[in-house]
Structures are given as C-alpha cells and as structure tokens.
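Enquirer: Dropping the structure in here first, questions after.
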Amino acid sequence: MGRKRLIFFSVLTLIAAGAACLLLAYFYGKQPFSAFFRWGESGIRQTFSGKSVISLYFADTDNAFLKSEQRSIPRTSDPAELGRVIIESLIKGPGGGLVRTIPEEASLKAFYITKDGSAYADFTAAIRDKHPGGSSSELLTVYSVVNSLVMNIPKIKRVKILIEGRESMTLAGHMDLRFPFKANLLVVR
C-alpha cells in the first residue's frame, strides 16, 4: 500500500508542477520558463527592470546587408514615443562591429503614426546632404529605418521618410522616397 501511495503523490506533484509552469508561462509572456522577460503589447521584449529590448538594424562591415543589434531602452507604452527612441538610437549608431546607416549629423524633426499603420519619419536635411551616396548605402539607410520601426512596433505597417517636412524624390539619387516602404527582410542577414 505504501508504494502505491508514493506513486500517487509523485504523479500528483508532477501534475501540480506542470500546472504551475503553464501558469507562469501564461502570466510571463506565454513562453515556458520565461521568468526574466515578457512580451509587451508593442511586440518587443520587456524586462522586469523597466527596460525594453529592441532590435535595431545597422549595416554589416561590407555595407552589403543589415544586421540586427539588440538594445535596451526605457520602457514606453506609446508607439510614437517608441518610434522616436528607435530612430534616435539609429542616429547614435551601433554599439560595435556594425556600421551606422544614418549620418550622425542628421536628426529627427518629427515622428507620427496614422490610424492606418503608416509611420512618418521627418529628418533634417543632413540625412540627405551628409549621406555617403551609392545605391547600396541608400538602400541600407532606408531599410535600417523601416525595418527597425516595423519589426519593433506592430502598429506600424509601412514607413514614409520625409526630409525637412516635405516629400523628397530621393535620398541619394537611387530610391524613390515618394511612397511608403514596408519591411524588407531580404536585406537582413
């Protein structure tokens, strides 16, 4: 009788432990054993320290593809504020090993998101005037901004780049900026 009782309580303990893990997974980001991180409404990973972890896209050393760099930023629930923080982080440049895609002299004048999921990023003229040029570099600049915003903020579906509050034909002579861009993961490695 003692052995059956031991097996019964062992099975009961395993069931209770499994239920506890499922409850933790539900309350802490719907990922098993995720006691340190949870996924917020914005779609980015949030830590319990009041910080959020985002992915920023910078150029690789060959200036051929974008690579993701994780960055910890102050948590915010406002998608427009998060968008401003993301772009300002891109302007500051990578932490190491990657190459900046936006000239450091550039700055963000305005950023807003419309109800249809279009984001508008208005830069100073330095993004164009100080840009190194070249079709590959221009492509990486545009998709560095677009991918960093779209991949971190689910509310954003497309991004329109403005310069000095106006629509610009191009950034460095190769890409048509008159239309909004959707994320392009083909340029990411």
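Enquirer: Using a cut-off of 11 Å between beta-carbons, work out the net charge of the residues near Ile127 (Lys and Arg +1, Asp and Glu -1, Ile127 not included).
Expert: Combined, the nearby Lys, Arg, Asp and Glu give -3.
Enquirer: Go ahead and run the numbers for FRET between Glu88 and Leu186, Cβ-Cβ distance against an R0 of 35 Å, rounding to 0.05.
Expert: 0.85
Enquirer: Please give the net charge around Thr101, taking every other residue with its beta carbon less than 15 angstrom from that of Thr101, where Lys and Arg add +1 and Asp and Glu add -1.
Expert: With Lys, Arg at +1 and Asp, Glu at -1, the net is 0.
Enquirer: I need Thr101, Thr76 ordered by Cβ neighbour count within 10 Å, fewest first.
Expert: With the sparsest Cβ surroundings first, the list reads Thr76, Thr101.
Enquirer: Report the FRET efficiency, 1/(1 + (r/R0)^6), for His174 and Gln70, where r is their Cβ-Cβ distance and R0 is 30 Å, rounded to 0.05.
Expert: It comes to 0.50.
Enquirer: Would you list Val146, Val99, Val187 from fewest to most Cβ contacts within 10 Å?
Expert: With the fewest neighbours first, Val146, Val99, Val187 line up as Val99, Val187, Val146.
Enquirer: While we're on this one: Spin-label point model (7 Å from Cα, Cβ direction): what's the Arg5 to Tyr120 distance in nm?
Expert: 7.5 nm
Enquirer: Please order Met175, Met169 by the number of other Cβ within 10 Å, starting at the fewest.
Expert: Ascending number of Cβ neighbours within 10 Å: Met169, Met175.
Enquirer: OK, next. Normalised by the number of residues in the range 120-189, what is the relative contact order in percent for Cα pairs under 8 Å and 6+ residues apart?
Expert: Once divided by the residue count of the range 120-189, the mean separation gives 41 percent.
Enquirer: Do the alpha carbons of any pairs in Lys51/Lys130; Lys109/Lys157; Lys109/Lys182 sit beyond 23 Å of each other, and which pairs?
Expert: Beyond 23 Å: Lys51/Lys130.
No lab work stands behind these numbers, since they all come straight from the coordinates. Source: prediction; values computed, not measured. Don't worry about glycine lacking a Cβ; one is built from the backbone with ideal geometry, like all the others, and counts go over all protein chains shown.
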